[in-house]
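The values are calculated or read from the model by the stated rules, or taken from the named source; none is laboratory data. Bear in mind that the values here come from a model prediction, so they are computed numbers and not experimental data. Positions of Cβ are generated from backbone atoms using ideal geometry, with glycine treated the same way; all protein chains shown enter the neighbour counts.
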Amino acid sequence: MRTVMTGNYASAYGAKLAKVEVIAAYPITPQTSIVEKLAEFVSTGELRAKFIPVESEHSAMAACIAAETAGARTYTATSSHGLTLMHEVLMWASGARLPIVMTNVSRAMAPPWSVWVDHMDSIAQRDTGWLQFFCESNQEILDTIIMAYKVCESSGVMLPAMVIEDAFILSHTSEPVSVPDQELVNSFLPAYAPEYKIEVGKPMGFGSLVKPDQYMEFRYKAMLGMKEARDRFLSVEQEFKHIFGREYGGLLEHYRCDDAEVVLACAGSVASTAKDVVDSLRARGIRVGLARIRAFRPFPHQEFRALGAKVDGIAVLDRSYTFGAAGAMFTEVKASAYSGQNRPIIKNYIAGLGGRDITPKIIEKVFEDIQLVTKRREEPDVEWVDVAGLPRRWR
Amino acid sequence: MIEVRFHGRGGQGVVIASEVLALAAFKMGFEVSSFPFFGVERRGAPVTAFARIDKKPIRNRSSIYEPDYVVVLDSGLLKGVDVLEGLKPGGKVLINYPQAKKLEGLPDKYSYFVLDATSVAAAHGIGSRSTPIVNTAIMGGFAKMCDLISLDAIMASIRELAPVKEEANVAAAKEAYERTVEAKV
């Protein structure tokens, strides 16, 4: 069935089709309609799941951890301050190797208060051991939730995943979405059957104290799990394509990158607008491309290394900023692309914080700028885009 | 591609109006996208929403700055908000406004359509008598103003999206369609 729905409903439908068994969530703008829709599915009996209303996001994640430890497929959704309040228990979920899937409606952090998009909340959870998938469309949100369960529940992975949708730009935008048949999803995603779970009559220790002679081995195994997630994600996407006819290009989507002189690397909904810009520049004979970061964790290091060997310049657009350093995506891209022989010019552009619109005109100017600094072989600074009071005009 | 901007107040169903349009166009075979700009989501505060309609998939996720159509659900906003900002030359404007009253102080480079959506919604019992919900009536008027979108598609879309009183909302859209007229300025 193809119909029109918001990104938040796409999340709710994704969780429903994945037949989640436990949902624990606390409402926050702009995530609320995900929770409302799922509560409706549960109350009408369309989804046979336990819905646990809780008093905070910390408790929501704690409840998901408990349910997942007991062998239930669980789901939650949050945003911004809700996600950062979860921080402690996010570490627990990954350390305990629980394949929970969560939607984060990525929203700026306060102060000053903002309910609009940027990626600071998600990026701040970089080191929690969660997989992170940034989405470009509502269809991709729904599909990625289903794929994420399959990747995360693989015995070699057993780690949680965050599916990230941009606040309002996806969460509240209505657009066509194909809702796959439940039967097809069932054939793709079998019921969750973990190797270890809490069971009456089968005593086992969970989350115990380990001494220094054992701790590192647990961390090492989690590292292997994340490594496995990379390959698993690629094979799961191929399987998804085979059944549903849709794919998104692996961990790093390449859009018109063949023979490109410079490319724009970015994540989330801005990539959608950027594709229009790439097409219009290409129509004028300008050789540009787009590298869309779908997975921030595991990061597509190999892909960027290969891309760095082919192009002269990479503009990395970050929708967040790591104070005292640079954009988090930029740091990763540079580390990957500089490990080869050819060193492209890589420049960081900080844009779209707190919902500031990133227009096609701005993206076009980013392309113009990266072409210029690439030609001059400049070692560029981090540039803040479209900020009042700075000399450069972006609009 | 056509781009539409909606102006109204919290409680009038501005965002749903944009969704009704998107779903109606989708039912007619178009690709669509509609999105709100939420400022403070309070009853009575100015709210803006947007819609894009095209034959090919819509990828531009930037806001709309130069719409082809503007829809004004509350004529009181004509004083405080520049509802015509960026409207393309030859653009069309639909205003919830009594037909008998003359529109004043608007530039003549645009076409204007008026419809007393407040009376229509009230007559069909939509919302409360003091604050009728005018979004479904205004969308009937939109079908009259915009040749691309049929009244049938608008009615089918309303039937799917109205949470209550589906038939009253559909009837309001139909009556509104008939009562929408082009106005001189």
Run down A:Ala161, A:Ala110 and say which single residue is in contact with a His (Cβ under 9 Å, 6 or more places away or on another chain) and either closer than 27 Å to A:His242 by Cα or free of Cβ contacts under 8 Å to residues at least 40 places away in the same chain (or both).
A:Ala110
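Going through the stretch B:47-90 one residue at a time, which ones are within 10 Å of another protein chain (Cβ to nearest Cβ) and over 15 Å from the mean Cα position of the chain (by Cα)? Write out each step before concluding.
Within the stretch B:47-90, the subset within 10 Å of another protein chain (Cβ to nearest Cβ) is B:49-52, B:57-63, B:65.
Correct list: B:Pro57, B:Ile58, B:Arg59, B:Asn60, B:Arg61, B:Ser62, B:Ser63, B:Tyr65.
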Examine the stretch B:55-62 for a residue that is crowded, with 17+ Cβ neighbours inside 10 Å, more than 20 Å from B:Lys92 (Cβ to Cβ) and of a type in the set (Ser, Thr, Tyr), and state whether such a residue exists.
yes
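For the stretch B:63-75, give me each residue that is touching a residue at least 24 places away in the same chain (Cβ under 8 Å) and not in a strand (DSSP E or B).
Here is the first cut: in the stretch B:63-75, the ones touching a residue at least 24 places away in the same chain (Cβ under 8 Å) are B:63-64, B:66-74.
Answer for the stretch B:63-75, where residues must be touching a residue at least 24 places away in the same chain (Cβ under 8 Å) and not in a strand (DSSP E or B): B:Ser63, B:Ile64, B:Glu66, B:Pro67, B:Asp68, B:Leu73, B:Asp74.
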Say we look at the stretch A:141-188 and pick out the residues that are away from every other protein chain (no Cβ under 14 Å) and among the charged types (D, E, K, R); which of these is nearest to A:Ala271 (Cα to Cα)?
A:Asp143
B:Pro107: surrounded by fewer than 12 Cβ atoms within 10 Å (Cβ to Cβ) and assigned to a loop (DSSP other than H, G, I, E, B), yes or no?
yes
Go through the stretch A:258-274 and give me each residue that's buried (at least 20 other Cβ atoms within 10 Å of the Cβ) and closer than 18 Å to A:Pro344 by Cα.
A:Ala260, A:Val262, A:Val263, A:Leu264, A:Ala265, A:Cys266
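Out of the residues in the stretch B:127-157 meeting the condition of being in a loop (DSSP other than H, G, I, E, B) and either under 18 Å from B:Ser18 (Cα atoms) or of a type in the set (Lys, Arg) (or both), tell me which one is modelled with the lowest pLDDT.
If we filter the stretch B:127-157 for residues that are in a loop (DSSP other than H, G, I, E, B), which is where we start, we get B:128-131, B:133-134, B:146-150.
When the remaining residues are screened for being either under 18 Å from B:Ser18 (Cα atoms) or of a type in the set (Lys, Arg) (or both), the result is B:129, B:133-134, B:146-150.
On the way: B:Arg129: 86, B:Ile133: 96, B:Val134: 97, B:Cys146: 98, B:Asp147: 96, B:Leu148: 97, B:Ile149: 98, B:Ser150: 98.
Only one residue tops the list, namely B:Arg129.
Residue by residue, here is whether (1) over 17 Å from the mean Cα position of the chain (by Cα); (2) under 16 Å from B:Arg9 (Cβ atoms) holds:
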| position | (1), (2) |
| --- | --- |
| B:Val93 | no, no |
| B:Tyr97 | no, yes |
| B:Lys102 | yes, no |
| B:Ser119 | no, no |
| B:Ala123 | yes, no |
| B:Gly141 | no, no |
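Any idea which of B:Phe35, B:Phe50, B:Phe6, B:Phe30 is more than 21 Å from B:Leu151 (Cα to Cα) and touching a residue at least 12 places away in the same chain (Cβ under 8 Å)?
Details: B:Phe50 fails: more than 21 Å from B:Leu151 (Cα to Cα); B:Phe6 fails: more than 21 Å from B:Leu151 (Cα to Cα); B:Phe30 fails: more than 21 Å from B:Leu151 (Cα to Cα).
After ruling out the rest, the residue left standing is B:Phe35.
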Inspect all residues belonging to the stretch B:147-164 and state whether any of them is surrounded by fewer than 23 Cβ atoms within 10 Å (Cβ to Cβ) and more than 29 Å from A:Tyr9 (Cα to Cα).
yes
Qualifying positions in the stretch A:119-140 - closer than 21 Å to A:Leu90 by Cα and within 14 Å of chain B (Cβ to nearest Cβ)
A:Phe134, A:Cys135
